[in-house]
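All remarks here apply to the structure that follows.
Readers should treat all values here as calculations from the given coordinates under stated rules, not as data from a laboratory. Keep in mind that what you see is a predicted model, and the values were worked out from it rather than measured. Glycine gets a Cβ as well: all are built from the backbone with ideal geometry, and neighbour counts include every protein chain shown.
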Amino acid sequence: MSSKKLENRIALITGGGAGIGRSIAERYIREGARVAIADIDSDLVQSTAKDIGALGVSVDVTDRSSIDAMLTSVEASLGVVSVLVNNAAVFNLAPLTEITDDQYHSVFNVNVYGVLFTMQAVADRMIKAGVRGNIINMASQAGRRGEPLVAVYCASKAAVISLTQSAGLALIEKGINVNGISPGVVDTPMWATVDAQFAKYENLEIGEKKKAVGLAVPYGRMGQVEDLTGAAVFLASEDSDYVVAQTLNVDGGNWMS
C-alpha cells in the first residue's frame, strides 16, 4: 500500500512558477499527485514545469476566459482537477492617502477576483464530473489585521478568508472541501520588492524591514517556502476531511485565532 498522501490526485496550483506555489507543487509530486502549475509568466511556468516534472500552463486569473482555457488544457492532459491551490497573488503598499485606482484594482483583480472565479470554475467542473475535491485558498496574516501602509493588500486577503468561509459552507454538500492557509512573513523572491517599498515609505535601509519582521516572529525566523507545504498536503488529503471552511495559520506564532 502506498504511503503517499496524494496518490491519484490531480492538482492545479496557480502562481506556481516560483516561491510558495513551486514549493507546494514539488511536495505534491513527491506525495504522488499529478500536478499542473499555472502562472501569468509563460516562460517561467514552462521552465519550472520542466524542472520539477509538472504540466505548465499560462493563465491570467483576472480573465475568466483565460481561467477556462487553463482548465481545458489541464483536463486534456491530466483529467479533471481534484485539488486546487489558489496561490496567485500580487502585493503593493502605499500610505492610505496615496492609494490609486490602479493600485486598488491591480491587487483586488488578482487576489480576490482571481481567487473567486478560479474557485468557481474548478468547483463547477468538479461537480459536473462527480469529482470529490479540495480547494485551498492562500490568504495571509495580513488578512487577519490592518496595517498602516498595506490597506489594500490586507483587505484583499481578508476577503480571501471570507470567501473561503462562504465557499466552504456552500460546497461541502457537493463533496468539495474548501479551506485556506494564512502564511506569515515568508522569505520568497517577492520580499525584495516588499522590503524596498517599506524602505521607501518608512525611511529604512534596504534589508532593515526584512530583518526586523524575521526577528519579530515568535519561532525566531521568517518562514521558508517549505514551511507551507505540510499544511498544503494536509488540506489536500483525506486527513482533513472534517476540516471545513477554515483558514489555517502557518506563521511561526505571529497570529493566534
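Structure values in brief
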item: Dimensions (Å) - the chain, Cα atoms, principal axes, largest first; result: 54, 38, 37
item: Which of Met222, Met119, Met138 has the fewest Cβ neighbours within 10 Å, and the rest in rising order; result: Met222, Met119, Met138
item: Cα shape, the stretch 130-250, gyration tensor, a/c 1.5 rule; result: prolate
item: For the chain, the longest site-free run once trypsin sites (Lys or Arg not before Pro) in DSSP loop states with at most 16 other Cβ atoms within 10 Å are removed; result: 5-131
item: The stretch 67-112 and the stretch 171-244: distance between their alpha carbon centers, rounded to Å; result: 16 Å
item: Degrees separating the helix 190-202 axis from the principal Cα axis of the chain, which is the longest one; result: 30 degrees
item: Shape category assigned to the stretch 7-64 from the gyration tensor of Cα positions, a/c cut at 1.5; result: prolate
item: Calculated FRET value between Asn203 and Arg145, using beta carbons and R₀ = 25 Å, to 0.05; result: 0.60
item: For the stretch 56-62, Karplus couplings with θ = phi - 60° (6.51, -1.76, 1.60), whole Hz, Gly/Pro x; result: x, 9, 7, 7, 10, 6, 8
item: Nonlocal amide H pairs with Val178, under 5 Å, H built at 1.01 Å; result: Ile135, Ala245
item: Total formal charge among the other residues, if their Cβ is under 15 angstrom from that of Met190, Lys/Arg +1 and Asp/Glu -1; result: 0
item: Simple Cβ-charge dipole of the chain, Lys/Arg +1 and Asp/Glu -1, about Cα centre, in debye nearest 20; result: 580 debye
item: Unit charges at the beta carbon, dipole of the chain: most positive-side option, Asn249, Val57, Val233; result: Val233
item: Hits among lysines - C-alpha to C-alpha of Lys211 under 22 Å, sequence gap 8 or more where chains match; result: Lys200
item: Helix 115-129 axis, angle to the chain major axis (alpha carbon atoms, nearest 10°); result: 10 degrees
item: Listed residues Ala245, Ala25, Ala196, most fluctuating in the chain (Gaussian network, C-alpha, under 10 Å); result: Ala196
item: Theoretical gain in end-to-end length, Arg132 to Asp102 [0.36 nm per residue, Cα-Cα removed]; result: 7.0 nm
